[in-house]
Amino acid sequence: MAGSEVRIDKWLHVARVFKSRALASRACQLSRVRVNGSAVKPHRPLTVGDRIEAEVGGDWTRVLVVRELADKTLPKAEVPRLFEDLSPPRPSADPLTRLLRRPLVRREAGAGRPTKRERRAMEAYESFLADDD
């Protein structure tokens with residue numbers, strides 16, 4: 001158990017909101033984590049009672065109220081005591097949405113930059129797909 005303050009990136013990792021502390025830090029840097037309504041940096045200290053909103057996976061925002069502070073990993077069964085979860089249910093994985101997130105045109109790894117001709121062909125293909133809608 002920690003003292004009266006814990007860094008937010010550590011706490012998010014301990015609470016298993018993010019798989020690693022590096023991912024938690026990156027989310028804070030990209031303003032995907034808010035504490036009491038304000039975007040925060042990874043070094044911001046948390047206190048009991050803070051309300052955290054963390055965008056997880058791009059399509060779901062977890063809303064947590066801090067009940068207890070910890071800076072060391074805990075057994076999975078003990079993690080729920082750290083927070084009160086006010087999050088809406090996680091949206092179901094829509095296969096169409098997942099496909100739309102992928103790039104329209106893929107190039108093989110190591111193929112180098114596209115030539116002018118290849119780039120024009122890719123742009124024509126993308127505009128053809130956009131006109132289909």
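Structure notes:
- Leading residue by the ranking (farthest from residue 68 (Cα to Cα)) among those in segment 11-37 that are of a type in the set (Val, Ile, Thr) and touching a residue at least 40 places away in the same chain (Cβ under 8 Å): 17
- The single condition among (1) surrounded by fewer than 10 Cβ atoms within 10 Å (Cβ to Cβ); (2) not in a loop (DSSP other than H, G, I, E, B) that residue 111 does not satisfy is (2).
- Screening residue 54 with (1) without any contact (Cβ under 8 Å) to a residue 40 or more places away in the chain; (2) closer than 29 Å to residue 97 by Cα gives one miss only, at (1).
- The condition (being out of contact with any His (no Cβ under 8 Å at 6 or more places or on another chain), at pLDDT 85 or above and in a loop (DSSP other than H, G, I, E, B)) is satisfied by just one residue among 89, 103, 80: 89.
- Conditions (1) surrounded by fewer than 13 Cβ atoms within 10 Å (Cβ to Cβ); (2) within 21 Å of residue 13 (Cβ to Cβ); (3) among the β-branched types (Val, Ile, Thr); number of the one not met by residue 97: (2)
- Segment 29-63 - residue that is assigned to a strand (DSSP E or B) and acidic (Asp, Glu) and, of those, farthest from the chain's Cα centre (by Cα): 53
The values are calculated or read from the model by the stated rules, or taken from the named source; none is laboratory data. What you are looking at is a predicted structure, and each value in this text was computed from that prediction instead of being measured. With ideal geometry, Cβ positions are generated from the backbone for all residues, glycine too; neighbour counts draw on all protein chains shown.
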